[in-house]
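Here's the structure we're looking at; comments come further down.
The values are calculated or read from the model by the stated rules, or taken from the named source; none is laboratory data. What you see is a predicted model, and the numbers here were worked out from it, not measured in a lab. Note that each Cβ is placed from the backbone with ideal geometry, even for glycine, and that neighbours are counted across all protein chains shown. Note: areas computed on protein heavy atoms with side chains; ligands, DNA, RNA excluded. Shrake-Rupley method; radii C 1.70, N 1.55, O 1.52, S 1.80 Å.
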Amino acid sequence: PSAPDFQQRDGESNDWKKLNLLLFGENGKPDLQIDSTTEAHFVEYMNVRDKESFSELLKKYMKEKSITVAKLAERAGVSDKTIQRMRNRDDYKPKPMTLVVICVGLQLSPLKSEQLFQICGYQFSNSEEDRAYSFVINNL
């Protein structure tokens, strides 16, 4: 497959270019062998931040998992109102711990969990709390 036309985002280093070259090579031929499913997930992961809000992504994942507001609220240990607020307000930015319980409640893959964190502007640091969040979402 030919290389997608990725654009470096503001504030990102040359690591972005290195990753693009590693995955897709100089002439669209990958230096790293990946299958088409992995490539599709990578493209979705890199582009999701620009296309969807947290509420849109949450609704999408709930639909994919065929889970109701009530069921997600029960699984995540939050109120129905909280889930409704997350779904209905495009500017809603949950706290990291709330994101973790949503990811657990939806039984999301690590990639999709990271997308939710990314779209809310969170990046994991080396703090004990962030390492714990990362451990949970990477071991669902």
Worksheet entry | Output for region 115-136, where each listed residue is closer than 20 Å to SER53 by Cβ and either touching a Cys at 6+ places or on another chain (Cβ under 9 Å) or exposed (fewer than 13 other Cβ atoms within 10 Å of the Cβ) (or both) | LEU116, PHE117, GLY121, GLN123
Worksheet item: Scanning for something surrounded by 19 or more Cβ atoms within 10 Å (Cβ to Cβ) and over 16 Å from SER53 (Cα atoms), does region 107-114 turn up at least one residue?
Response: yes
Discussion item. For region 30-117, give me every one of the helices (runs of 4 or more DSSP H) that falls completely inside it and has 3 or more residues that are modelled with pLDDT of 90 or more and touching an Asp or Glu at 6+ places or on another chain (Cβ under 8 Å).
Written reply: 54-65, 69-76
Practice prompt. Sort out which residues of region 84-106 are open to solvent by less than 100 Å² (accessible area, probe 1.4 Å) and over 18 Å from the mean Cα position of the chain (by Cα), and write them in order of number.
Written response: GLN84, ARG85
